[in-house]
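Notes for the one structure printed next.
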Amino acid sequence: MTGATVASALPSPGVIGAALVGVLVIIGLLALAMRRRPDAFPLLAIFALPFRLPISTDGRTVNLLIPLYLVVAAGTLVHLIPRWLNRGASEPRSPITLEWLLLGAVVLYVLQGTYSTDHTKAAENVAFFYIPFGLLFMLLRDVCWTRELILKCLGVAVMLAVVFAGVGFVEYYRKTLFLNPKVVAADQYDNYFRVNSLFFDPSIYGRFLAMVMIGVTTVVLWTSRRRDVLLGAGVLAWLLAGLITSFSQSSIAALLLGLAVLAAYRWDVRATVYVTGALVAIALVVVLLAPASLHFGLKGTGGSTSNATSGRTKLIDGGLELFADRPLYGYGSGSFETEYKRHGNATTANATSASHTIPITIAAEQGVIGLAVYVALLVAAFAVLFRGAGRSPPRIAIAACFAALVLHTWTYADFLEDPITWTLLGIGVALARAERARKDKDPAEEHSPKRLRVTMVTRSLKSV
C-alpha cells in the first residue's frame, strides 16, 4: 500500500487513552444507529469504503481504512455477535465453496507468514486487511438486500465519486496534490500530471471511479425512465473526466471490461466479443503509432515497454525470477518487496511492495500452493456471481464490477487487500442465495408463461 510519510512521536498515555475513549464512543453511536435502522450498516460501510488514513509505525507507513474499521466493529457488535451467541435461535446456513476458499486463503496466508522474510508486512496485511474485511464480508452477506437498499448504496457511492472527481479537477487545475508526496515527486519527472484526489494513489482512485461507473451504467441500460438515463449520462461524463485525469491505464482497461460484461448481458454475447476485439485491435494500433506527445511511453526519450507500463514489466520479470527460485511455497507472505530488493532488482525508481500483478505477487510469495488457492477462489467467485445473474441487473452489476476488479489487480495490485473485493463478494453471495431461495420456494415460477412474458425492465424492478 502506498502512502505519505507521516513523522510523529509516540503519543503519551493520556492521548492514547483519550483516543481509545473516543473510538469506543464512536463505535457505540454507530451501533445505536444500526440498532434503530437495519439498513444503516450497509449504507455506512459503502460510505466509509474509500477513506484511508496514513499511519506510520516501525519505519513504514500503512494507509488504514479506520472509518471502515469503526463501522465494521459496530456492525459486529450489533449483528454478528448476537447471532454467534444465539446460533440455535436462527436457521443456520451452510458455508458455500467460495466462503471456505476465502477462509482457506486467509489461513494459508497466515501460515506462510511464519517463514516470511518480512513478518511485519504479513502481520499488517492480516490484522489490517484480511480480518476486518472478512468480517465486512460476513456482515454484507447476511444483509437482506432489496432493490431500494441497493439503489441507496449506489447513490452513496455516486455521491462520493462525484465529490472525489471534483477534488481531482481542482488538483489538476492547480497541478498540486492534496495527498501523497510520493506521487508528487514522481510527477516531477513526467510530462503529465496524475490526479489521485483523496486516495493517496491514482490507480486506486481510478479503480473506485471505474466501479461506480459500472454501477451507474447498469442503471442507464436497464431503466425505462428518460430522466434516469439523462442523469446517469451526466454522472458518467463527469466521472469519466475524473478518470482520465488520473492517467490510470489499468482503471480504464477495467472499466472497459466491466462495460463489455454489461453489454453482453444487455444485448448479445457474440456481438460484444466482436466489437470488443475490434476495439482492442484499434487501441493497439493507436498505441503503437501514437506520437510521444500522447505519453503512452513507447516513443520519445526512454521509450520502451517498461516505460509504457510504468516499470511493471521489470517488476514482473523480477517476480518470475523469485517464483523460479522457490516454485512450491515461495518466500512467504508479504515478502515481495524484501526479496525483490535482496535479489538486486530494486532501484530508487522501481522499489515497490508488490509486482503490480497479483498472480505474480502470489507466485513469488506463496508459490504454486498459493496460486492454486487463488485460481480456485476466482473460479468459485465467478461461478457464484455469474450463474443465474441474467435476470437480475443488480447481480449483473456486481459480476461486471468483480470482473473489472480482477483485471485491475492483474495490472496493478491489491486483491484481498482491497475492501471492494470483499464488498462485491459479500453482496454477490447474498443476492445469489436470495435468488436460489426463490427458485427453491417456487420452481414453477421460472418457466411459467406469465414469467416468460415479463420484460427485462419489469424483471429488474422486481428482482433482488
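Assorted remarks:
- 9 Å beta-carbon shell around T338, net charge (K/R +1, D/E -1): 0
- Put simply, when 399-406, 102-109, 326-333, 263-270 are sorted by average Cβ atoms within 10 angstrom per residue, most first, you get 399-406, 326-333, 102-109, 263-270.
- As a calculated quantity, the FRET efficiency between I81 and Y329 at R0 = 45 Å, using C-beta atoms, amounts to about 0.80.
- Distance between the modelled labels on V220 and L32, one decimal in nanometres: 4.3 nm (7 Å Cα→Cβ projection).
- Taking Cβ atoms as reference points and 12 Å as the exclusive limit, the residues near T409 contribute a net charge of -2, counting Lys and Arg as +1 and Asp and Glu as -1.
- Length gained when the stretch L103-F51 is fully extended (0.36 nm per residue, less Cα-Cα span): 16.2 nm
- Extension reserve of the A376-R342 stretch, reckoned as 0.36 nm per residue once the Cα distance is removed: 9.1 nm
- Cα-based shape type of the range 353-404, given that a ≥ b ≥ c are square roots of the gyration tensor eigenvalues and the cut on a/c is 1.5: oblate
- Two-site FRET efficiency, A127 against M159, from Cβ-Cβ distance with R₀ of 45 Å, rounded to 0.05: 0.90
- Each peptide in 383-395, 15-27 was scored by the mean count of other Cβ atoms within 10 Å over its residues; highest first, the order is 383-395, 15-27.
Each value in this text was obtained by applying a stated rule to the coordinates, not by laboratory testing. Since the model is a prediction, treat every value here as computed from it, not as a measurement. Every residue, glycine among them, receives a Cβ derived from its backbone with ideal geometry; neighbour counts consider all protein chains shown.
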